[in-house]
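J.: Sharing a structure here in structure tokens format.
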Amino acid sequence: MEKSSRTKYIFITGGMVSSLGKGAAAASLGALLQARGYTVYARKFDPYLNIDPGSMSPLQHGEVYVTDDGFETDLDVGYYERFLGVKLSRDGSVSGGRIFWDVLNAERRGDYKGATIQLIPQITDKIKEYITAPAGTDFVLCEIGGTVGDIEGLIFLEAARQLAHDVGRRNVMFVHLTLAPFLENAGELKTKPTQHSVRILLEKGIQADMLIVRSVRMLDMDERKKVSLFCNIPPGNVISGINVDNIYRLPLVYEAQHACRRILEHFGLADRKANISKFRKIAEYLDSDKPPVTIAMVGKYFHVADAYKSLNEALFHAGMANDVRVNINTIDSEALEKMTDAELKKALGKSSGILVPGGFGRRGIKGKIRAAKFARENNVPYLGICFGMQLAVIEFMRNVCGVLDAGSTEFEKKCEAVIDIMPEYDNPADGSTLRLGARQLVIKPGTLAHRIYKKASVSERHRHRYTLNMKYRGVMEKHGMIISGSSPDGALPEILEIKKHPFFIGVQYHPEFQSSPYTSHPLFMAFIKAAMAS
Ligand code: GLN
């Protein structure tokens, strides 16, 4: 296999337990390399057998993240995009299922010309094929999901071992995350499980080059030396991955331990001056007192960790950009549904802005509609995202335009179908039942949307099947809810706003996927600003 000799590969694995934060650790190391002027790209392998995460339950996996090219992937890709400012594609996040699918389809097509298909070399070759990066990339970060020792992850470790053999051991680095539990009765951090985890990797032919040991406190010198000796790793390459209150502190934690310098040393590269001012700025923001702004988020997956990960991020970024602390008041839409008017007023009245996120299905819609009504009637800034926009339209049609049984065919068969399925996504030949990924949209001058974006055309990411039925546009606009952004041909509405409201915006897309801690998304920035003024 041909690989550019210039590109260096960093594999990130994890041991002992899941959820050690491999994605955040990898992204942080990548950010430190970028801070030295190197170009960085990311790859994520998930050994599970689903072909892609699009149809996996968000109840198990947190939010479904959408890339520009319309791939439904898991939220780790969001970490990479936000942290590193790179755009990943469909090939950026690859599951075991997809590897097998590719190989087996090729086998059926006869591509292998009758050869025997085996885990090695066909599957490992396919895995290695996916470890590519744009030309000129200095470093590829390649995260292998799961924990070492998992049966389904073995073949990925084997492919990583082979890649090191193919491109030369000096061009590959293995960074392994482990956990050092603190045993209360002994009053000690325990390093033995780390030693075992490194040994499991060694059994697969991989000697870890750097360890990031997650723990409640920094490892002391003795602990580092012990890990170093038993794991065959220089003591300087044993990094403490202490717990942080915010992941954007991680680059500073690693930098203080010279992790990046050690990585460059491994590759025989000289260290460069690092510009880490953006992380210092975030840390300063986190350390200082800021006036609070409370946003009510009315959704239904709050019991699932990270179900609204990108939204929480986008609000955090917008708080930073406005120099305030955004508190999110999560309100379960089904609970809201059952409240009396007085209770609802109490629940929502505490917040300076109301956000209704994307969603699917019937459960909890009444609560979301009530939230939109409350925002409209009380001049509270409202941001409706995808489903949150569609439900705001339904509310407006029912209560302002007098279309009493306005609804969506997604959850009501018999209604005035103000929100209706887009025909091309209803039983499509190619099975794509959602409009996915980045689309250009045009923004009407003289509108709030235009004042926010300050642009006539922008690209935003989508994930929906239903849309506003343009039959109702006339009556809706006559009553003051206008279309301020649409697809370039005007056929699909993208942004709606209420003219006589300080800030009432619904968008058919997901702006949260394009917000970063370094550049807050204009829509969230304006929403928080409006909330500050309300
Ligand atoms: N369920 C709605 C649709 O399919 C909204 C989707 C969403 O909020 N992402 O159009």
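J.: Considering each residue of segment 10-38, count those that are open to solvent by 10 Å² or more (accessible area, probe 1.4 Å), modelled with pLDDT of 95 or more and of a type in the set (Ser, Thr, Tyr), and give that number.
T.: Matching residues across segment 10-38 total 1.
J.: Another question, then. Quick check on Ser459: is it modelled with pLDDT of 95 or more, open to solvent by less than 10 Å² (accessible area, probe 1.4 Å), touching a strand residue (DSSP E or B) at 6+ places or on another chain (Cβ under 9 Å) and among the polar types (S, T, N, Q)?
T.: The answer is no for Ser459.
J.: Can Lys345 be described as within 16 Å of the ligand (Cβ to nearest atom), in a helix (DSSP H, G or I) and charged (D, E, K, R)?
T.: no
J.: Same structure, new question: Have a look at Leu104, Leu75 and point out the one that is within 16 Å of Asn312 (Cβ to Cβ) and open to solvent by 10 Å² or more (accessible area, probe 1.4 Å).
T.: Of Leu104, Leu75, the one residue that is within 16 Å of Asn312 (Cβ to Cβ) and open to solvent by 10 Å² or more (accessible area, probe 1.4 Å) is Leu75.
J.: Which residue is farthest from the ligand (Cβ to nearest atom), if the candidates are limited to segment 379-423 and must be more than 34 Å from the chain's Cα centre (by Cα) and outside any loop (DSSP other than H, G, I, E, B)?
T.: It comes out as Asn399.
J.: Next question. Go through segment 491-534 and report how many residues are under 24 Å from Ala31 (Cα atoms), among the aromatic types (Phe, Trp, Tyr) and in contact with a Phe, Trp or Tyr (Cβ under 9 Å, 6 or more places away or on another chain).
T.: Here the count works out to 1.
J.: Inside segment 122-135, can you point out the residues that are closer than 18 Å to Gly85 by Cβ and either free of Cβ contacts under 8 Å to residues at least 60 places away in the same chain or open to solvent by less than 40 Å² (accessible area, probe 1.4 Å) (or both)?
T.: Within segment 122-135, Ala133 is the sole residue that qualifies.
J.: Give segment 139-192 a look and list any residue that's among the acidic types (Asp, Glu), more than 26 Å from Gly268 (Cβ to Cβ) and in contact (Cβ under 8 Å) with a residue 60 or more places away in the chain, or say none.
T.: Hits for segment 139-192 are Asp150, Glu152.
For (1) in contact with a Pro (Cβ under 6 Å, 6 or more places away or on another chain); (2) open to solvent by 40 Å² or more (accessible area, probe 1.4 Å); (3) over 23 Å from Ala342 (Cβ atoms), each residue gets a yes or a no:
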position: Lys373; (1), (2), (3): no, yes, no
position: Arg376; (1), (2), (3): no, yes, no
position: Val380; (1), (2), (3): no, no, no
position: Cys386; (1), (2), (3): no, no, yes
position: Met397; (1), (2), (3): no, no, yes
position: Cys401; (1), (2), (3): no, no, yes
position: Ala406; (1), (2), (3): no, no, yes
position: Lys413; (1), (2), (3): no, yes, yes
position: Pro423; (1), (2), (3): no, yes, yes
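The values are calculated or read from the model by the stated rules, or taken from the named source; none is laboratory data. What you see is a predicted model, and the numbers here were worked out from it, not measured in a lab. Glycine gets a Cβ as well: all are built from the backbone with ideal geometry, and neighbour counts include every protein chain shown. Keep in mind that these areas ignore ligands, DNA and RNA; they rest on the heavy atoms of the full protein, side chains included. Shrake-Rupley method; radii C 1.70, N 1.55, O 1.52, S 1.80 Å.
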